[in-house]
Amino acid sequence: MESPIEVKDNETVESLDFIRAAVAEDTAADRFGRRVQTRFPPEPNGYLHIGHVKAIAIDFGVAKDFGGVFNLRFDDTNPEKEEQEYVEGQIADLAWLGFEPANIYYASDYFDQLYDWAVELISLGKAYVDDLTADEMRAYRGTLTEPGRNSPYRDRSIEENLDLFARMKAGEFPDGARVLRAKIDMASGNLNLRDPAMYRIRHAEHQRTGDKWCIYPMYDWAHGQSDSIEGVTHSLCSLEYEDHRPLHDWYLDQLEVYHPKQIEFARLFITHTLLSKRGLIRLVNDGLVDGWDDPRMPTIVGMRRRGVPAKAILDFIERVGVSKTNSTADIALLEYYIRQELNLTAPRVMGVLEPLKVVITNYPAGQVEWLEAVNNPEDPSAGTRQLPFSRELYIDRDDFQEVPHKKFFRLAPGQEVRLRYGYFITCTDVVKDARGEIVELHCTYDPQTKGGYAPDGRKVKGTIHWLSAPHALNAEVRLYDRLFAAEDPGAYDDFREAINLDSLQIIPNAKVEPSLADAAPESVFQFERKGYFCVDSKDSRPGSLVFNQTIGLRDSWAKIQGKGG
RNA sequence: UGGGGGAUCGUCUAAUGGCAGGACACCGGCCUUUGGAGCCGUGAAUCGGGGUUCGAGUCCCUGUCCCCCAGCCA
């Protein structure tokens, strides 16, 4: 067995996070036969989000670093909330992220074993059938500071409990009529130990077991034993389960079965982002977004549709690290990794969001030249392509100022700029309509500056992107901003108040270069000087392209403007 | 005196009794056929109070603050 330090080493020896340190120690002490096995245990009641990626990366990463096994297990114990669609969606999300589980397991496959174990606990006098209603049970449970009281049904005979439990399974009782409870300690300071429910009656069809069962195990009763059955060595989970560890331990000890070690870590939180499953479900159900894969959603499917590379997500997660401190990562850190990855990989392309017509008055009508453009300055192997140039062009409206700001280096009356990979042009006339709106610019070009180089060595401060008007393709561009204006939407009683009303802006008549005609869905391009844009996987068609803005380029001009200087 | 957990630059983290380091963000500069990218640089932290020690973010005592738990959800 290699030590993880050796596995990781590149330049310097990295320190181990507290989980890996614990696993390393267990391995060194031969506590699990030098075996390491982890699992990611989601409930299939929604789509995975970036918060889950942290858990997956830890589970997967620990197994990988120690030469162990990583599995996916669905904790599918609540048929009322779970759907096959989510099972398949989560499997696909894992695959897209590049985490391949050795096995895919289901807690529902253990229902028979779990039932037998429940019978065993009853036989041991450690579990009983309770007839209290949910409300009564709550009242008997006590409060955080006061102990609870024993249920009047707590001392039923083993025989009666066995009989009742069998009849629960047989379907003799309606939903919620009775529950099987563990007999632990109603006075425990840990509420999870005040006779927790093990089984509830639900005459509901399960997506995998159909109508075989009408009693379903609770999470705590199923989870630890599932890990035990599978031979998980380290049950990694988030902080809120620390209080549940004593209960998991108790079940395993009563049953005298293999006992994994549970270690808890802090969940991921991100500024301006909602990462609670309940909240995301509400966004979807209330129609506040377009669905689970709305590009503004922090779901894997949403980010994927937005054009966020899996690698950027993974790099971000790695940088955030592993600890037990509740913390909130700045969304700017995620954005940094998105830009970093896309800068390296995204082909450059010309795209004009707000077209302004430019007529090159000294360029021959009807003439077309094809100019060479670099596909990716960060990657020479990406090669070059040809761009058409003609008398009529489009530039972006905000690349022209009639009365230029003193630090505005782009087009202005009498001011010369470079058209990227094209020519130097100078604005000679501004054409306006009756309302005074600028509708067209007249410019002259310098034939000596083809490709963007001046033979006389003269400099222009600005370089702008452009498109040949007759060759440009129409496209819809969807500009996205963060879904929540508030830094911590979770802090609001109603997160609607935290929502950013301008998180989506649709530009129906953007223009892009002709090479994009056959752009593949999900491919991401950099529109030069603008940002990164992804071909929408749902709505884009060869004849009517739709691009989702993944993220804008860093904009230092905006800073200059912001300072008023 | 319910139980459990946590406090290091603005943010996320490193340090395992020995110079508090990195990344993001911010600010400044260089460079530039993307006002992109890149490069260089500045500022910025050990929750408070005691103690142990040659030496404490780290060990001890004490206080403060924050998070989680009262589903027949996971």
Checklist entry - One-quarter of the Cα convex hull surface for the range A:334-405, in nm²? => result 7.2 nm²
Checklist outcome for this item: Once A:THR384 and A:SER188 are pulled to full extension, the length gained, defined as 0.36 nm per residue separation minus their Cα-Cα distance, is 63.5 nm
Checklist outcome for this item: With 0.36 nm assigned to each residue of separation and the Cα-Cα distance removed, A:GLU160 to A:ASP502 gains 116.9 nm
Checklist entry - Stokes-Einstein at 4 °C, 1.567 mPa s, Kirkwood radius from Cα pairs: D for the range A:261-351 in µm² s⁻¹? => result 88 µm²/s
Checklist entry - For the range A:252-406, what is the Kirkwood estimate of the hydrodynamic radius, computed as the reciprocal of the mean inverse distance between distinct Cα atoms, to one decimal in Å? => result 20.8 Å
Checklist entry - How would you rank A:166-176, A:128-138, A:479-489, highest first, on the average number of other Cβ atoms within 10 Å across their residues? => result A:479-489, A:128-138, A:166-176
Checklist outcome for this item: For the range A:353-465, the dipole about the Cα centre with charges only on Cβ (Lys and Arg +1, Asp and Glu -1), to the nearest 20 debye, works out at 300 debye
Checklist outcome for this item: Taking 0.36 nm per residue of separation between A:HIS203 and A:ALA434 and subtracting their Cα-Cα distance, the length gained on full extension comes to 76.0 nm
Next on the checklist: Explain nothing, just the number: dipole magnitude of chain A about its Cα centre with +1 on each Lys and Arg Cβ and -1 on each Asp and Glu Cβ, in debye rounded to the nearest 20.
Outcome noted: 1940 debye
Item to check | Dimensions (Å) - chain A, Cα atoms, principal axes, largest first | outcome: 101, 55, 42
Next on the checklist: Rounded to the nearest 5, what % of DSSP beta bridges with both residues in the range A:398-505 are antiparallel?
Outcome noted: 75 percent
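Quick one: net charge of A:ASP536's neighbours, Cβ under 12 Å, K/R +1, D/E -1?
0
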Checklist outcome for this item: Between A:LEU124 and A:ARG31, the FRET efficiency computed from the C-beta separation at R0 = 22 Å comes out, to the nearest 0.05, as 0.20
Checklist entry - Sorted by packing (mean other beta-carbon atoms within 10 Å per residue), highest first, where do A:82-89, A:177-184, A:520-527 land? => result A:177-184, A:520-527, A:82-89
Checklist outcome for this item: quick note, chain A, DSSP beta bridge pairs, % antiparallel (nearest 5) is 65 percent
Checklist entry - Dividing the alpha-carbon Rg of the range A:10-265 by 2.2 N^0.38 Å yields what? => result 1.07
Checklist entry - Say each of A:GLU354 and A:GLN367 gets a label point 7 Å from the Cα, pointing the same way as Cα to Cβ; how far apart are those two points in nm? => result 3.2 nm
Checklist outcome for this item: Expected sort for A:325-332, A:189-196, A:532-539 on mean C-beta neighbours within 10 Å, highest first, is A:532-539, A:189-196, A:325-332
Item to check | Convex hull per residue volume in Å³, alpha carbons only, for the range A:353-465 | outcome: 123 Å³
Item to check | the range A:476-499 residues near the modelled A:ASP398 label - backbone nitrogen below 14 Å, point 7 Å along Cα→Cβ | outcome: A:479-481
Item to check | Above-threshold pairs, the threshold being 29 Å between Cα atoms, out of A:LYS64/A:LYS530; A:LYS64/A:LYS169; A:LYS54/A:LYS169; A:LYS461/A:LYS530 | outcome: A:LYS64/A:LYS530; A:LYS64/A:LYS169; A:LYS54/A:LYS169
Checklist outcome for this item: Other residues with Cβ under 12 Å from the Cβ of A:LYS81 give, with Lys and Arg +1 and Asp and Glu -1, a net charge of -3
Checklist entry - Over the range A:306-423, what is the percentage of antiparallel beta bridges among all DSSP beta bridges, to the nearest 5? => result 90 percent
Checklist entry - Going 7 Å from the Cα of A:LYS212 in the Cα-to-Cβ direction, what parts of the range A:64-102 have a backbone nitrogen less than 14 Å from that spot? => result A:76-77
Checklist entry - Summing Lys, Arg as +1 and Asp, Glu as -1, what charge do residues with Cβ under 13 Å from the Cβ of A:GLN561 carry, A:GLN561 excluded? => result +3
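Values in this text are rule-based calculations from the coordinates and carry no lab data. What you see is a predicted model, and the numbers here were worked out from it, not measured in a lab. Glycine also receives a Cβ, built like all others from the backbone with ideal geometry; neighbour counts cover every protein chain displayed.
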